[in-house]
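Engineer: Can you read through this structure? Questions will come right after.
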Amino acid sequence: MRHIINPPNPYNRYSAEYVGEPPPTRLEILEETATKKVITKAFASDWEGGWRYTVNCYRGCIHGCTYCFARQYHEYLGYGAGTDFETKIVVKPNTPVLLRQELKKTRDKMPHLDFSFATDPYLPLEAEYQLTRKCLEVCAEFQVPVGVITKSPLVTRDIDVLKKLKKVSVFFSLPFLTKEKSNPFEPYTPVPEARFRAMRQIADAGIEVGIGVAPIIPGYNESDIPGLLERAKEAGATRAFMSMLHLDTDSIEAYFVEKMHERLPLTRVTKIINTMKRERGGSLRHRTYKERGTGKTEQWEVTKKLFEFHSRRLGFRQHETPVEAVVATPPVQQTLF
């Protein structure tokens, strides 16, 4: 009887630390043929001109961050905002082709493109699909300024392309100083240490780097702010922003609270919930868009001053528009194969 050889896993060339731990459940990868524009116009009140333009090569996110505001967009596809968001990943293979077609018409009017809004542009799948890389190559061809925000060191693979761009900044989302502290809320992301090393590589390549200390979970990670900013400064970051946790829908709130009860002691869960409710006027949810990334109490003002003090001390420039502070048009469900 002939033995069947198991083909090598294409992701094995990246360590788990590099792309993040795999989720314990089976992943479903669905390919979507985008038939409309791939550049999404999103309103941002504090962005110049009031609009941001984003590109998403994927839907859903394997990182499994329990607080992710983008979970709601999976519901527009007929999936759930909980485990479906992190186990049913939709890939749009023709994104680079459509992006080139759009930029042929709009490159003179396109002030800036952000990767991404509804997912991390450097999911582990990007190691094989290379859709973000191909889109960045298109942006370099048309000399469109680009912003990237990610939790993944996989972005260092594309340093050669990033250096070709007219203007580019790379922000690393780093709300927790240690893996132990991040585990309850972002269980499958690359460890913080790996993100800091990647930050150093990007900065050493002459590319502008920043840190997003977001979300701040009241009653949990405020004390990490000084250490995060200091580590980011050591790693070459020059810009920083922060924002408070916002749970945009009932389903996201329910999933967030459920996972806290599974992964944290009851006393810690109670502290976080009670602190959040004080900041939100008795609810876990913000009532208006203006309140989305900020709190109401003196405790939140102390947190802001802590961030601002250490940002000034370390010489950080404030990031004009936190990536999460946007309102986007719900995505249209398209054909899935």
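Engineer: Starting from region 213-229, take each residue that is under 14 Å from Leu247 (Cβ atoms) and list its partners that are in a loop (DSSP other than H, G, I, E, B) and among the aromatic types (Phe, Trp, Tyr), counting only C-beta distances under 6 angstrom and pairs at least six apart or across chains.
Structural biologist: Filtered contacts from region 213-229: Pro215/Tyr67.
Engineer: I'd like to check something: does region 184-201 contain any residue that is part of a strand (DSSP E or B) and out of contact with any helix residue (DSSP H, G or I) (no Cβ under 8 Å at 6 or more places or on another chain)?
Structural biologist: No, every residue in region 184-201 fails to be part of a strand (DSSP E or B) and out of contact with any helix residue (DSSP H, G or I) (no Cβ under 8 Å at 6 or more places or on another chain).
Engineer: Could you tell me how many of the residues in region 74-103 are in a helix (DSSP H, G or I) and either in contact (Cβ under 8 Å) with a residue 12 or more places away in the chain or under 16 Å from Glu28 (Cα atoms) (or both)?
Structural biologist: Residues that pass the stated criteria total 14.
Engineer: Are any residues in region 314-325 at pLDDT below 95 and either among the polar types (S, T, N, Q) or assigned to a loop (DSSP other than H, G, I, E, B) (or both), and if so, which ones? Reasoning before the result, please.
Structural biologist: First, the residues of region 314-325 that are at pLDDT below 95: 317-325.
Within region 314-325, Gln318, His319, Glu320, Thr321, Pro322, Val323, Glu324, Ala325 qualify.
Engineer: Any residue in region 109-123 that is part of a strand (DSSP E or B), modelled with pLDDT under 90 and either surrounded by fewer than 22 Cβ atoms within 10 Å (Cβ to Cβ) or not small (Gly, Ala, Ser) (or both)?
Structural biologist: There is no residue in region 109-123 that is part of a strand (DSSP E or B), modelled with pLDDT under 90 and either surrounded by fewer than 22 Cβ atoms within 10 Å (Cβ to Cβ) or not small (Gly, Ala, Ser) (or both).
Engineer: Cβ-Cβ distance below 8 Å, separation of 6 or more or different chains: which pairs start in region 47-68 with a residue that is on the phi > 0 side of the Ramachandran plot and in a helix (DSSP H, G or I) and end on one that is at pLDDT below 95 and surrounded by fewer than 23 Cβ atoms within 10 Å (Cβ to Cβ)?
Structural biologist: Gly49/Pro111; Gly50/Phe43; Gly50/Ala44
Engineer: OK, next. Can you pull out every residue in region 137-155 that is in a strand (DSSP E or B) and over 22 Å from Gly64 (Cβ atoms)?
Structural biologist: Matches in region 137-155: Val146, Gly147.
Engineer: Then there is this: Only one of these conditions is not met by Ser311: (1) over 30 Å from Gly210 (Cβ atoms); (2) of a type outside the set (A, V, I, L, M, F, W, C); (3) part of a helix (DSSP H, G or I). Which number is it?
Structural biologist: (1) is the only condition that Ser311 fails.
Engineer: Taking only pairs six or more apart or across chains, which ones have beta-carbon atoms under 6 Å, a first residue in region 298-319 that is more than 19 Å from Ile217 (Cα to Cα), and a second residue that is among the polar types (S, T, N, Q) and part of a helix (DSSP H, G or I)?
Structural biologist: The qualifying pairs do not exist here.
Engineer: Same structure, new question: Could you list all residues from region 121-133 that are closer than 18 Å to Tyr67 by Cα and either over 9 Å from the mean Cα position of the chain (by Cα) or without any contact (Cβ under 8 Å) to a residue 60 or more places away in the chain (or both)?
Structural biologist: Correct list: Leu123 only.
Engineer: Tell me which residues, restricted to region 156-183, are in contact with a strand residue (DSSP E or B) (Cβ under 6 Å, 6 or more places away or on another chain) and in a helix (DSSP H, G or I).
Structural biologist: Within region 156-183, just Leu162 meets the criteria.
Engineer: What is the number of the single condition among (1) in contact with a strand residue (DSSP E or B) (Cβ under 8 Å, 6 or more places away or on another chain); (2) under 25 Å from Leu136 (Cα atoms); (3) modelled with pLDDT of 95 or more; (4) not basic (Lys, Arg) that Tyr67 does not meet?
Structural biologist: Of (1) in contact with a strand residue (DSSP E or B) (Cβ under 8 Å, 6 or more places away or on another chain); (2) under 25 Å from Leu136 (Cα atoms); (3) modelled with pLDDT of 95 or more; (4) not basic (Lys, Arg), only one is false for Tyr67: (2).
Engineer: Across region 231-253, which residue is farthest from the chain's Cα centre (by Cα) among those that are in a loop (DSSP other than H, G, I, E, B), under 17 Å from Ala214 (Cα atoms) and among the hydrophobic types (A, V, I, L, M, F, W, C)?
Structural biologist: Ala237
Engineer: Take the conditions touching a residue at least 12 places away in the same chain (Cβ under 8 Å), touching a helix residue (DSSP H, G or I) at 6+ places or on another chain (Cβ under 7 Å), buried (at least 22 other Cβ atoms within 10 Å of the Cβ) and under 20 Å from Leu314 (Cα atoms) and apply them to Phe172. Does it pass? If you could, list the steps in order and put the result at the bottom.
Structural biologist: On the way: touching a residue at least 12 places away in the same chain (Cβ under 8 Å): yes; touching a helix residue (DSSP H, G or I) at 6+ places or on another chain (Cβ under 7 Å): yes; buried (at least 22 other Cβ atoms within 10 Å of the Cβ): yes; under 20 Å from Leu314 (Cα atoms): yes.
Answer is yes for this residue.
The values are calculated or read from the model by the stated rules, or taken from the named source; none is laboratory data. Here the structure is a predicted model, which means the values were calculated and not measured. All Cβ positions, even for glycine, are placed from backbone atoms using ideal geometry, and neighbour counts span all protein chains on display.
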